[in-house]
Amino acid sequence: MLNIPAKNQITSNKSPDNNELKVHKRLNLRQFEEITPFNTYFQEEKPWPGYWGFSSNHIPSTSTINHPLQYNQTENLSISIPTHSKSGIEYSSFSDAWCKQLPHLSTVRTLWVQTSLSQDLFFSICKMPHLEKLYIQSSSLRSISAIVSLKHLTHLFLGHSPNIENLDSLYFLNSLRWLHLQSVPAATNLSFLEHLSRLKGLEIFGCPQNSDQYQLSSLFSLSNLFHLEWLTLEDVSLSRKELPALYSLKGLKYLYLPNKFSLKEVALLEYHLPKVRCELFRPISNPISEQSCTQCKRHSLVRLNGRGMPLLCLNCHPELIAKHKKLYETILTKINRLIANKPKD
Ligand SMILES: [Zn+2]
């Protein structure tokens, strides 16, 4: 387990005033973070198996089958419908067989659909009486309104679904704990979140090649998610004016945001969410494994936090990196002091 310094571990001969104390407490945690590889957090401190994203639960824990006749009454079911004729049987035959059988599979708790989901198949899935976890790799769905029938649904992964008109029906899934939306343009309107107050994990991924198309409407829809512990907003476009909406997420433990904010905006967010693990709260990232430095050829490039900051090499640019770290610390300390000294209303 990680050994996080106790918040009251402050070594000082004189007794600092309360404001000074707050600043020092925060810096103690930050100094600890400087020497701890970021990934370690996720290996050792996962609040639970971070469902669809981190523990790779999008890879089924059971073998994938093509036809209901292959199903052996297990709780976990992974299906893939051949898109080409297989053994002389056409796609429609496989699809029809699943549409008929799925509503009767009362044993199934977790279902992975590994091919593009049609509207008919979706209707059948929504009649599965005890379904708790549903993974949809991709779909041609226009409407997901039938999903309101899945009263026991706690985990949902919805991948590439460009045609879905809106996600309003999710509003009624009161049991939902973990929601992962990936390449779903309708996810940019977040109003469906207002009623999902029991949500613990929310992950919204846009498109890495074109994040501007995924402009999130308003993060204030997240304000009521008091139980939210894990939030990922990746490959999306996000107005910096929206960040204060996250200040109220006091239960949050893990936060992933695009590196599109100024150092001051990041420092303000860190001030309001001091217990949250967020990569942006570290002045530099871990070395980027998939890219090497053009000068020294080592895998020692790091990403600096802050909008528009370049990648720098730990080996070739140590002074610039040290300067950046110092700059972020200075901004953070100033914000801590300014807010701590601000008279209360
Ligand atoms: Zn280098």
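The values are calculated or read from the model by the stated rules, or taken from the named source; none is laboratory data. It should be emphasised that the depicted structure is a prediction, and the values quoted were computed from it without experimental measurement. Positions of Cβ are backbone-derived with ideal geometry, glycine not excepted, and every protein chain shown enters the neighbour counts.
I need the full set of residues from the stretch 142-168 which are more than 21 Å from the chain's Cα centre (by Cα), farther than 26 Å from D212 by Cβ and polar (S, T, N, Q), in order please.
S143, S145, S149
So the check is Cβ under 6 Å with 6+ separation or different chains; which pairs have a first residue in the stretch 144-165 that's within 15 Å of I125 (Cα to Cα) and a second one that's aromatic (F, W, Y) and assigned to a loop (DSSP other than H, G, I, E, B)?
Short answer, once both residue conditions are applied: H155/Y51; F157/W52.
Output the residues belonging to the stretch 161-210 that are part of a helix (DSSP H, G or I) and of a type in the set (D, E).
The answer is D168, E194.
Please verify whether the stretch 286-302 includes one or more residues that are touching a strand residue (DSSP E or B) at 6+ places or on another chain (Cβ under 9 Å), at pLDDT below 90, away from the ligand (no atom under 15 Å from the Cβ) and within 29 Å of H180 (Cβ to Cβ).
Scanning the stretch 286-302 turns up at least one residue that is touching a strand residue (DSSP E or B) at 6+ places or on another chain (Cβ under 9 Å), at pLDDT below 90, away from the ligand (no atom under 15 Å from the Cβ) and within 29 Å of H180 (Cβ to Cβ).
What is the one condition in (1) in contact (Cβ under 8 Å) with a residue 40 or more places away in the chain; (2) within 25 Å of L167 (Cβ to Cβ); (3) surrounded by 16 or more Cβ atoms within 10 Å (Cβ to Cβ) that P258 does not satisfy?
So P258 meets the others, but not (3).
Kindly establish whether H272 is touching a strand residue (DSSP E or B) at 6+ places or on another chain (Cβ under 6 Å), away from the ligand (no atom under 15 Å from the Cβ) and not aliphatic (A, V, I, L, M).
When the stated conditions are applied, H272 does not pass them.
Filter the strands (runs of 3 or more DSSP E) completely within the stretch 72-141 down to those with at least 2 residues that are under 27 Å from the mean Cα position of the chain (by Cα) and under 18 Å from I164 (Cβ atoms).
Of the strands (runs of 3 or more DSSP E) lying wholly inside the stretch 72-141, those with at least 2 residues that are under 27 Å from the mean Cα position of the chain (by Cα) and under 18 Å from I164 (Cβ atoms) span 110-117, 133-139.
How do the pairs read when you match residues in the stretch 297-310 that are farther than 12 Å from N286 by Cβ with residues anywhere that are away from the ligand (no atom under 15 Å from the Cβ) and of a type in the set (K, R), using Cβ under 8 Å and keeping only pairs 6 or more apart or on different chains?
Sorted first by the residue in the stretch 297-310, then by its partner, the pairs are N305/R282; R307/K260.
List pairs: first in the stretch 200-218 and closer than 21 Å to W178 by Cα, second among the aliphatic types (A, V, I, L, M) and loosely packed, with under 15 Cβ neighbours inside 10 Å, Cβ under 6 Å, 6+ apart or cross-chain?
Listed by first residue and then by second, the contacts come to nothing, as the list is empty.
Do we have any residue at all in the stretch 306-326 that's away from the ligand (no atom under 16 Å from the Cβ), within 21 Å of the chain's Cα centre (by Cα), crowded, with 18+ Cβ neighbours inside 10 Å and within 30 Å of R177 (Cβ to Cβ)?
Looking for residues that are away from the ligand (no atom under 16 Å from the Cβ), within 21 Å of the chain's Cα centre (by Cα), crowded, with 18+ Cβ neighbours inside 10 Å and within 30 Å of R177 (Cβ to Cβ), one finds none in the stretch 306-326, hence no.
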